[in-house]
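What follows is calculated from the coordinates using simple rules that are stated; it is not laboratory data. Please read all numbers here as calculations on a predicted model, not as lab measurements. Neighbour counts are summed over all protein chains in view; Cβ atoms, including those assigned to glycine, are modelled from backbone coordinates with ideal geometry.
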Amino acid sequence: MKLIKVHGSQNSFFILDETQLSAPLGDDLLKTFTQKITSPNNPLGGADGVLVITEATTSKAIAKMRVINSDGSEASMCGNGLRTVARYLSEKFSQDSFAVETMNANLRVRREKNLAKGIYTFAVEISPVSFNKASLPFDNLGHERIIDTFLPEIYPGLKFTSIAVPNPHLISFISQEQIESDILKDVGSYLNSPNPYYPDGVNVNFAQILDKNQLFVRTFERGVGFTNACGTGMSATSLAFCLTHPEWAKFETPINVYNPGGMVKVIVHHDSTYWMELIGNATFTKIINLPEKSLYDFNFSHAQVINTNEQQDYENFVASLPTFNNLRAK
């Protein structure tokens, strides 16, 4: 069978197509498999999670994607991961535009013009959007919705916005000095441990406004910790940017979102509801062939690994970004 090591904005995953297998792994085995294969100590190197492809349960989607974090928990969506799954399915079924089933919605994806030489690029829908307390969920903060609101219980002096897309996010626009400090680590660690405010944890995003329609975003991701990028986080932050800083951000206009792993574009739409398009790389770094038995005994020593040349193209792209090197978070 074949695994593929992939990344979107250096948010790295293994793609596991369960339709290749004689039988699905089952949730318990899949959790343990993910914890083992994402460990940096295994021969294939670490990752942020596993993207599992299964048969769709609806005729409106070409396949279903599940997202298993490195700690074994399951996320409802992953924007960076969805781009790589979109590329895999596009090549598998020879289609450039289709829908992928996720935990909460069927999401539209399509092949896009490459961001740069050798950078396979896909646009994916990020939705549904909710601000409701029950959707995130949060409690004990004195608000039904949190939009550009001071929350001294979480951190004094900072305004926050909280949005589910459907992954839960907490967003604050701060200075470069603050984004390079330990504030994000402290807030992210606290809210993803037992706490009275976000009982299920939350993805915490700190953003610096660079210019009109330009952001830098750093994320502490629930179930993972610091990641090079978070697709739903950059999408939720772009929506918060449009809502809370209309003099700097516009709906229906591409927003360049820089991150420690590179750059994506986000278009925030507002018709009958809010939804976003996340546009960025879908890079395959390794093609891994191994016996199916290896999935059950977690032995990856017999894997045959083919390295692609795509990572070098991606690094060239990152090096070409005009503001990137000045914004790399500590």
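Taking 0.36 nm per intervening residue step and subtracting the Cα-Cα distance, what contour gain separates N132 from N307 on full extension?
Details: separation 175, 0.36 × 175 = 63.00 nm, distance 4.46 nm.
Computed gain between N132 and N307 is 58.5 nm.
Here's the picture: a label point sits 7 Å out from the Cα of D186 along the beta-carbon direction, and within the range 139-169 the residues with their amide nitrogen under 18 Å of it are 150-160.
Hand me the GluC sites (Glu not before Pro) from the range 15-85 located in a DSSP loop with no more than 15 other Cβ atoms within 10 Å, in residue order please.
On the way: sites: E18, E55, E74; in loops: E55.
Of the GluC sites (Glu not before Pro), the ones in loops of the range 15-85 whose Cβ has at most 15 other Cβ atoms within 10 Å are E55.
Across the options S90, S272, P166, the greatest Cα extent toward the positive end of the charge dipole of the chain (unit charges at beta carbon of Lys, Arg, Asp, Glu) belongs to S90.
Sites listed here are GluC sites (Glu not before Pro) in the range 241-299 whose DSSP assignment is loop and whose Cβ has at most 10 other Cβ atoms within 10 Å: E247, E252. Cross-link check: pairs K159/K185; K2/K60; K2/K293; K31/K133 evaluated at a Cα-Cα cut-off of 19 Å; pairs beyond the cut-off: K2/K60; K31/K133.
Here the alpha carbons of the range 104-169 define both size measures, Rg and Dmax, at 16.9, 50 Å.
In the range 133-274, what percentage of the DSSP-assigned beta bridges are antiparallel, given to the nearest 5?
Numbers: 22 of 30 bridges.
Bridges in the range 133-274 are about 75 percent antiparallel.
Here the range 133-274 is assigned +1 on the Cβ of each Lys and Arg and -1 on the Cβ of each Asp and Glu. Its dipole about the Cα centre then comes out at about 220 debye. Of the GluC sites (Glu not before Pro) found in the range 114-196, those that fall in a DSSP loop while having at most 14 other beta-carbon atoms within 10 Å are E144, E153.
Gyration tensor analysis over the Cα atoms of the range 141-189 returns equivalent ellipsoid semi-axes of 19, 13, 10 Å (largest first, whole Å). Charging the Cβ of each Asp and Glu at -1 and of each Lys and Arg at +1, and nothing else, the dipole of the chain about its Cα centre rounds to 600 debye.
Length gained on full extension, K212 to Q176, computed as 0.36 nm times the residue gap minus the Cα-Cα distance: 11.3 nm.
Scaling the Cα radius of gyration of the chain by the globular reference 2.2 N^0.38 Å produces a ratio of 0.95.
Considering only P196, G157, T32, and ranking their Cα positions along the charge dipole of the chain that arises from unit charges at the beta-carbon of Lys, Arg, Asp and Glu, the one farthest toward the positive end is T32.
Roughly how compact is the range 133-274, stated as its Cα Rg over 2.2 N^0.38 Å to two decimals? Walk me through the intermediate numbers first.
Details: Rg = 13.9 Å, N = 142, 2.2 N^0.38 = 14.5 Å.
Working it through for the range 133-274, the quotient is 0.96.
Its Cα centre serving as origin, the range 28-159 has a Cβ charge dipole (Lys and Arg +1, Asp and Glu -1) of approximately 540 debye.
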